[in-house]
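A short write-up of the structure that comes next.
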Amino acid sequence: MKKFVSLFVSVVLSVTFCFIVWVVLGHDYQWELIQPYWGNLFSGWLTTLGVSVAALLLSVVIAFVLTAGQLSDYRVPRFLSRIYVEFIRGTPLLAQILIGYYMIADFIGWDSRFGVGVVILSGFSGAYLAEIFRGGVESVSSSQWLSARAIGLTEGQTYRHIIVPQAVRRVLPASAGQFANLIKDSSLLFVISVHEFTMQAREVNSNTYAAFEAYIPMILGYLLLTFPISMLSRFLEKRYHYEH
Amino acid sequence: MSIEISQLSKRYGATLAVDSVSVNFYEDDQVVALIGPSGGGKSTLLRLLGGLESPDSGKVILDGSAVPAEEEALRQFRMGNGFLFQSFNLFPHLSAIENISLPLVKVHGWAENDATDRAKEIADRFGLVEHLEKSPGQLSGGQQQRIALARAVAHKPGLLFLDEPTSALDPEMKAEVLDLIEELRLSGQRIVLSTHEMGFAKRSSDKVLFLSGGRNLESGQSAAVFENPQSKELRDFLAKVMKW
């Protein structure tokens with residue numbers, strides 16, 4: 001049975017893979033069609049890079065605040081952080097972008113699409129990161145707290161020297177995954193006309209009807225952003241590795 | 001050491017872990033052993049004495065002053081003493097030497113160099129020099145417990161609390177750790193320990209307290225208590241643990 005399943009899986013995957021390669025390679029490429037648009041694609045890629053870096057930094061800050069709130073000894077910050085995280089994780093990003101831009105940003109009179117996009121993405125990703133961080137902190141054994149208390153470390157010192165260093169290593173892989181999601185999710189900002197990578201590729205396609213020529217560079221462009229993150233995560237995991 | 005324990009109680013949920021324990025120890029009682037069945041209240045009493053838990057009622061007067069109730073005062077109290085756990089509780093992300101020096105630097109305000117020198121000095125005495133750069137995961141249980149003991153005594157604690165220091169170790173490692181504890185005793189260290197090592201308790205402790213069901217069922221001079229147990233519970237307990 002096990003043999004049969006692995007055979008089946010191998011066959012299905014190989015056939016699918018070959019089919020895709022056949023379609024992609026078999027296409028009659030006309031790269032000259034998108035020749036005039038390389039500049040647009042590149043500017044879109046730069047915009048995506050800019051949005052992603054800004055949102056990545058801001059989302060970490062937001063996640064720290066939310067994690068501190070959720071781990072607080074007081075009920076009010078705990079409750080508010082919980083509500084925020086549940087609300088953000090329970091609604092579609094697309095809806096958050098539309099409401100954030102057309103209702104909230106409009107209400108306060110902020111019309112920078114880039115700026116609003118960064119804030120909305122950060123708020124979204126921050127909620128997911130906060131759950132990852134909280135899980136990391138809570139996964140450190142309570143005996144570490146006991147030991148730190150016995151030594152006479154204060155609560156702040158315990159977090160700084162004992163809990164956080166152990167939690168960081170545990171949250172690295174999941175955080176890297178969330179950072180990659182953030183980059184990919186930035187493609188939804190086209191709905192508020194941020195001229196990011198996906199939007200530029202779509203425009204190239206609608207101007208030239210050259211779908212393959214527009215979207216294949218787009219896919220490679222996204223990989224160019226997400227792949228270094230997963231490499232960096234692996235490097236850091238190795239570097240901070242210790243035996244249990 | 002002088003310890004006056006009066007009507008001390010501690011409850012966890014439905015369990016009365018320590019049930020109105022009263023007992024006194026005096027200046028010339030250098031080593032006190034808590035014995036009794038698992039779940040009998042030894043660890044809880046030790047944590048109450050060491051300031052790691054606060055009692056529900058009753059009080060402890062140690063060397064003339066009450067064990068404080070307020071957290072910062074408790075922390076100061078714990079700083080002055082040392083605590084060793086059954087499961088070592090070393091910090092897995094730090095090397096052995098950092099485990100010993102971190103409290104000296106962060107809690108006691110020593111300079112890094114002095115702390116490192118002190119850690120090396122103790123490691124030398126405890127036969128641990130070649131293990132100092134290893135992380136806890138690379139050490140045997142006996143080595144980990146000796147590092148933990150080094151951590152607990154590096155700042156020359158007034159009182160050393162040992163919570164079943166050898167229960168998680170195989171016989172050879174038990175002997176290594178008991179040798180060190182005996183050496184500390186001979187150097188004048190005041191010790192309160194909970195233990196299942198009846199031979200050690202009998203030979204090395206001045207006073208013994210038999211706890212079962214959270215109650216003080218018998219206490220007194222070790223020699224007398226072991227030679228001539230008064231209560232039926234203690235006679236049964238000793239018969240059982242001495243049988244093999």
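The values are calculated or read from the model by the stated rules, or taken from the named source; none is laboratory data. Because the structure is predicted, anything quoted here is derived from the model rather than measured. FYI the Cβ positions are ideal-geometry reconstructions off the backbone, even for glycines, and counts take in every protein chain you see. The area values use the complete protein model at the heavy-atom level, side chains included, leaving out ligands, DNA and RNA. Shrake-Rupley method; radii C 1.70, N 1.55, O 1.52, S 1.80 Å.
Taking the conditions (1) facing chain A (nearest Cβ under 9 Å); (2) open to solvent by 10 Å² or more (accessible area, probe 1.4 Å); (3) closer than 20 Å to A:GLU155 by Cβ; (4) touching a residue at least 40 places away in the same chain (Cβ under 8 Å) in turn, B:GLU53 satisfies each one other than (1). Is it the case that the stretch B:111-121 has a residue that's assigned to a loop (DSSP other than H, G, I, E, B), out of contact with any helix residue (DSSP H, G or I) (no Cβ under 7 Å at 6 or more places or on another chain), open to solvent by less than 60 Å² (accessible area, probe 1.4 Å) and within 14 Å of chain A (Cβ to nearest Cβ)? Scanning the stretch B:111-121, I find no residue that is assigned to a loop (DSSP other than H, G, I, E, B), out of contact with any helix residue (DSSP H, G or I) (no Cβ under 7 Å at 6 or more places or on another chain), open to solvent by less than 60 Å² (accessible area, probe 1.4 Å) and within 14 Å of chain A (Cβ to nearest Cβ), so the answer is no.
Taking the conditions (1) open to solvent by less than 40 Å² (accessible area, probe 1.4 Å); (2) closer than 21 Å to B:LEU139 by Cβ; (3) not polar (S, T, N, Q) in turn, B:ALA201 satisfies each one other than (2). A:ARG75 falls short of the stated requirement of being open to solvent by 60 Å² or more (accessible area, probe 1.4 Å), touching a residue at least 12 places away in the same chain (Cβ under 8 Å), farther than 30 Å from A:ASN207 by Cβ and among the charged types (D, E, K, R).
When B:LEU45 is tested against (1) within 30 Å of B:GLN143 (Cβ to Cβ); (2) of a type outside the set (Val, Ile, Thr); (3) out of contact with any strand residue (DSSP E or B) (no Cβ under 8 Å at 6 or more places or on another chain); (4) away from chain A (no Cβ under 12 Å), only condition (3) is not met.
In the set (1) more than 9 Å from every other protein chain (Cβ to nearest Cβ); (2) touching a helix residue (DSSP H, G or I) at 6+ places or on another chain (Cβ under 7 Å); (3) not in a helix (DSSP H, G or I), B:GLY127 fails one condition alone, (2). Output the residues belonging to the stretch B:66-105 that are at the interface with chain A (Cβ under 8 Å from one of its Cβ atoms), of a type outside the set (A, V, I, L, M) and touching a Ser or Thr at 6+ places or on another chain (Cβ under 9 Å). Passing the criteria: B:ARG75, B:PHE83, B:PHE85, B:SER87, B:ASN89, B:PHE91, B:PRO92, B:HIS93.
Which count do you get for residues in the stretch A:160-180 that are more than 7 Å from every other protein chain (Cβ to nearest Cβ) and either of a type in the set (A, V, I, L, M) or within 23 Å of B:ALA150 (Cα to Cα) (or both)? Steps first, please.
Here is the first cut: in the stretch A:160-180, the residues more than 7 Å from every other protein chain (Cβ to nearest Cβ) are A:160, A:163-164, A:167-180.
In the following step, the residues that additionally are either of a type in the set (A, V, I, L, M) or within 23 Å of B:ALA150 (Cα to Cα) (or both) were identified as A:160, A:163-164, A:167-168, A:171-172, A:174, A:176, A:180.
Residues in the stretch A:160-180 being more than 7 Å from every other protein chain (Cβ to nearest Cβ) and either of a type in the set (A, V, I, L, M) or within 23 Å of B:ALA150 (Cα to Cα) (or both): 10 in total.
Collect the residues in the stretch A:151-176 that are without any contact (Cβ under 8 Å) to a residue 24 or more places away in the chain, of a type in the set (Gly, Ala, Ser) and open to solvent by 10 Å² or more (accessible area, probe 1.4 Å), keeping them in residue-number order. Answer for the stretch A:151-176, where residues must be without any contact (Cβ under 8 Å) to a residue 24 or more places away in the chain, of a type in the set (Gly, Ala, Ser) and open to solvent by 10 Å² or more (accessible area, probe 1.4 Å): just A:GLY156. Taken together, the residues in the stretch A:32-69 that are modelled with pLDDT under 90, hydrophobic (A, V, I, L, M, F, W, C) and open to solvent by 60 Å² or more (accessible area, probe 1.4 Å) amount to 1.
Residue under question is B:GLN138, and the condition is that it be open to solvent by 10 Å² or more (accessible area, probe 1.4 Å), facing chain A (nearest Cβ under 10 Å), farther than 20 Å from B:ASP163 by Cβ and within 20 Å of the chain's Cα centre (by Cα); does it hold? Spell out how you get there, then give the answer.
Details: open to solvent by 10 Å² or more (accessible area, probe 1.4 Å): yes; facing chain A (nearest Cβ under 10 Å): yes; farther than 20 Å from B:ASP163 by Cβ: yes; within 20 Å of the chain's Cα centre (by Cα): no.
No.
Screening the stretch B:36-50 for residues that are open to solvent by less than 50 Å² (accessible area, probe 1.4 Å) and within 12 Å of the chain's Cα centre (by Cα) and picking the one that is nearest to B:PHE77 (Cα to Cα) gives B:GLY50.
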